[in-house]
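The values are calculated or read from the model by the stated rules, or taken from the named source; none is laboratory data. Source: prediction; values computed, not measured. Cβ atoms come from the backbone with ideal geometry, glycine included; neighbour counts cover every protein chain shown. The area values use the complete protein model at the heavy-atom level, side chains included, leaving out ligands, DNA and RNA. Shrake-Rupley method; radii C 1.70, N 1.55, O 1.52, S 1.80 Å.
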Amino acid sequence: MTRPVAPAAAAAAAAAASKDASQERQKAMIAAHFHKLAQAPETGDKSVYTFVPGNLTELLGTFSVLPVLPEINALQSGMRGKSRDYIGLAEKLGHSEDVCTYVKCDIGMLKSGNIGPTGERLPKPDLLLLSYTGCFTFLKWFELLAQEYDCPCVMLHVPYQGDGAITDSMRKYVVDQLRKKVIPALEKISGRAYDEDLLKQQLARSAKAEDDLVWVLETGKRKPSPIDAYFGGVYYIGPIFTSFRGTQDAIEYYRELRSEIEERIRLGKGPVTPDGELTEEKYRVVVEGPPNWTSFRQFWQMFTDEGACVVASTYTKVGGVYDNGFRHDPSRPLETLADYCMGCYTNLNLPTRVQMLARYVQDYAADGFLINSVKSCNSFSAGQLMILREVEQRTGRPGGFIESDLVDPRYFSASNIKNRLESYFQMIAQKRAGGS
Amino acid sequence: MTLASLLQRADDLYRDLRFSAVRDWKQRTGGLAVGYMPVYVPREVLHAMGILPVGVMGAGDDLEIIRGDAFYQSYICHLPRSTIELGLNGALDCLDGLLFPATCDVIRNLSGMWMMQFPGKYVHYLDVPQDFAPEVGGAFYRHELEQIAGALGKRGGKPLTAAALRRSIAAYNENRALVDGLYELRQREPWKVPTAELYLLLRAGCVLPVEEHSAMLRDYTTAVRAADDRRPMDQARVLLAGSFCEQPPLGLIRTLERAGCYIVDDDFVQIHRWIRGPVRADGEDPLQDLANAYLFQGIPSAIRYIDQQVKGKDLVDRVQQSGAEGVIFCAPSFCDPALLDQPMAVTAVERAGIPWTAFKYAENTGQFQVIREQAGTFADSIKLWSE
Ligand code: SF4
Ligand code: SF4
């Protein structure tokens, strides 16, 4: 069984399944991290709030500061059933019903004592590292947090790949900001000097873990797929998307995960789901868009009830796209961080996203693809209806469209979504029957 | 031109969703026309290359959206759907390209959609810097401008020369000064410059060559200064905040005025006021001067990262400068930049003891009854407090 537990609450939601060593390892890593954070006021450890896309975990690691990722806290709140109240509180305080629910969930959590996913209090930030990568809302989110905390905020503006490529000017712009703004800010709060050799070591470790992550995600090409690359995938990306990239722990986690999946392949097993193993892979689909977190298990189950396995997803690329060959490269430390940031999924223009999805549908021999369009996220969602048509046209495979939200349970209509999924899979079945 | 005919002309331009003025200009001059989405692009660069910059501000409430809705979910603002509709119905055929400035993720993603939908056209996402150090963000921005000039040069724009750019900067400086002059006049004598009229003039600036637009502004200013029949009324002075991208329908502006509000400052068609004060027009390196203006003279808009300043301070300052007695937050539905910014602005406004109210609109909102009542009550309460 190969289901790690990035979001700890997800593990609880899927408690029926037995746990693998990698899952236990991830859980322990996360618990230790949050414990360190809770202890920070006593130990004097410094904490830096930042975002998943374009996170600079290796760089933060060289300064021994602890990352806090508000999106992760928000999704954890969604999984733990807390987000409704948090969002309600934020709306009462004047935040619009129209905007991203991650932000409101975070504000609500902050106003309710800032208790993190493991039940311990999160420390106040010593620095807000506003890595403005792939999403405009980030900018506003940290402006809002800057009102709440008496700490500096440093901006890292990551240019968008509007023309579908990274240019030297874009790279230079990011590297200059790292050198002139971000590194000095980290030196100041940590009291340490920037150590490039240390950064190189961290980056080399990142690349190793990334190799194994890509190997794992690409096993979705096998028939049957030994993994679910969306619902299961969100666990696999946990360590590398969050606080552990560049650590030995991450290397070990991904090595262990890989060997567990090798074993599943050897045994010819399908993915593990909350209800046990998927024994018959009836449908292979690619999914675009983030999952819903408040009904995560129920959502997953709708797929497994149909015998559907997600063989590839774009959500597992929001914190870094590695299956195109990119690896953190220790020989050009700051440039590689810049390329990493600019390469994150939501920083890619729409034609590139369409190409990527079409490639997934083809390379992973999918029957079709599904878009889960979340109300919160214009970065993901604006343009998805066009993506749907373009990918259908290019691949000749059917696309399906469902709508929900990330952490606002008011926008998860189980019956609607279930109906849509059922009709979608029926359509694939009919096409197949017609084709044969 | 009489005031009435001038306003008629501005109204015609506003309602002309085929962009006939742009088509005529192209026919007359043989030049290129390049569109831009809200909020800000440096039009001076286009102008210096002999290109007509054309503001694409959506379609208001005059266009039935037939295909645009098939591109967007219900929870996305209205502007991109009407823009797509205008693209698909051929109205924007007269544009040789479209610039998508870094305003928000919706406009950003629309740039990629445009590339796929209209493959022959020049499409560029103009990534404006959020770092304001000249050697960092300034260098990046300058490179962006050079890239645009290079690409448009290949498509038939004249080569960008320093002399031409200096002349264009001067032309837009004059235009900005005229717009500012009208805003000042409206602050002093709001009965002379009804906002519905001022708004039409701002919109005319989206499709007319800058010289022609400046002439229109001058004529209007002269005419309303002399219009003694425009007498003061007992209205509440308000600042309207948040309408910087998707524009409210003209009917909404009129509704607010009829409900007892003098709008004495606003965020409409913000490109005209994005740069505060003149851009240096006599420098050795005018492209750098233009980049510096972006860095140091740009307004603290919701779409710009507020680096050293206090959030909301600029709004409070504007209230004081304009003599507004209250703020109406008037943002498009589902507009991330405006709505995420609003709680911070509200905090600042409340701290300063300024009354405020808020509502949302879409560019095609057709019913104003609720807004009329809310604005009327707000205006009444302001007048009551000030007595
Ligand atoms: S808008 Fe999307 S990418 Fe941005 S913070 Fe919200 S969920 Fe994340
Ligand atoms: S109205 Fe707001 S969300 Fe919509 S395109 Fe404009 S800035 Fe973006």
Multiply the residue separation of B:E211 and B:R23 by 0.36 nm, subtract the distance between their alpha-carbon atoms, and state the gained length in nm to one decimal. 66.0 nm
Could you pull the Cα extents of the range B:47-91 along its three principal axes, largest to smallest, in whole Å? 40, 20, 18
Can you compute log10 of I(q)/I(0) for the range B:210-261 with the Debye formula, treating each Cα as one identical point scatterer, at q = 0.30, 0.31 Å⁻¹? -1.00, -1.01
What per residue convex hull volume, in Å³, comes out for the range B:19-163 when only alpha-carbon positions are used? 114 Å³
Given 25 °C and 0.890 mPa s, compute D for the protein assembly as shown with the Stokes-Einstein relation, Rh being the Kirkwood radius over Cα pairs; round to the nearest whole µm²/s. 88 µm²/s
Selected from B:E85, B:E135, B:E257 as most flexible by GNM, with chain B as the system and alpha-carbon contacts under 10 Å: B:E135
In nanometres, the difference between 0.36 nm per residue of separation and the alpha-carbon distance of B:A227 and B:D180 is 15.0 nm
Here the percent of antiparallel bridges among DSSP beta bridges lying wholly in chain B, to the nearest 5, is 5 percent
Take the Cα gyration tensor of the range B:231-285, multiply each eigenvalue by 5, square-root it, and list the three semi-axes largest first, rounded to whole angstrom. 31, 15, 8
If you average 1/r across every pair of different Cα atoms in the range B:79-217 and take the reciprocal, what Kirkwood value do you get, in Å? 17.7 Å
Reach of A:K269 by Cα under 17 Å, taken over aspartates and glutamates that are not fewer than 8 positions away in the same chain: A:D20, A:E218, A:D228, A:E260, A:E277, A:E280, A:E281
A student asked for the Cα radius of gyration and Dmax of chain B in angstrom ought to give 20.2, 63
Compactness summary of the range A:9-154: radius of gyration and Dmax from Cα atoms, Å, are 15.4, 45
Of the listed pairs A:K140/B:K383; A:K180/A:K200; A:K82/A:K124; A:K140/A:K208; A:K172/B:K158, those with alpha carbons more than 23 Å apart are A:K140/B:K383; A:K140/A:K208; A:K172/B:K158
GNM of chain A, Cα pairs under 10 angstrom: of A:A204, A:A32, A:A74, the biggest fluctuation goes to A:A32
Taking the range B:274-377, which GluC sites (Glu not before Pro) meet the DSSP loop condition and have no more than 10 other C-beta atoms within 10 Å? B:E284
Top mean-square fluctuation among B:R108, B:R166, B:R231, Gaussian network model of chain B, C-alpha springs under 10 Å? B:R231
For the range A:395-410 and the range A:254-327, write down the distance between their C-alpha centroids in whole Å. 16 Å
Can you pull the accessible area of B:W191 for me, 1.4 Å probe, Å² to the nearest 10? 60 Å²
Compute the Rg to Rh ratio over the range A:36-114 from the alpha carbon atoms, using the Kirkwood formula for Rh, and round to two decimal places. 1.04
Here the range A:88-191 gives, from Cα atoms, an Rg and Dmax in Å of 16.2, 46
Distance histogram in 10 Å bins (all Cα pairs of chain A, percent per bin): 5, 22, 34, 27, 10, 2, 0
Rounded to the nearest percent, how much of the accessible area of the range A:7-433 (1.4 Å probe, protein heavy atoms only) is carbon and sulfur? 47 percent
How are the Cα pair distances of the range A:277-319 distributed, in percent, across 10 Å bins from 0? 27, 54, 18, 0
I want the antiparallel fraction of DSSP beta bridges within the range A:7-433, as a percent rounded to 5. 10 percent
Taking all pairs of distinct Cα atoms, average 1/r, flip it, and tell me the Kirkwood hydrodynamic radius of the range B:311-384 in Å to one decimal place. 13.2 Å
Any chance you could check the range B:296-315 for residues losing 30 Å² or more of accessible area when the partner protein chains are in, compared with the chain on its own (1.4 Å probe)? B:Y305, B:K311
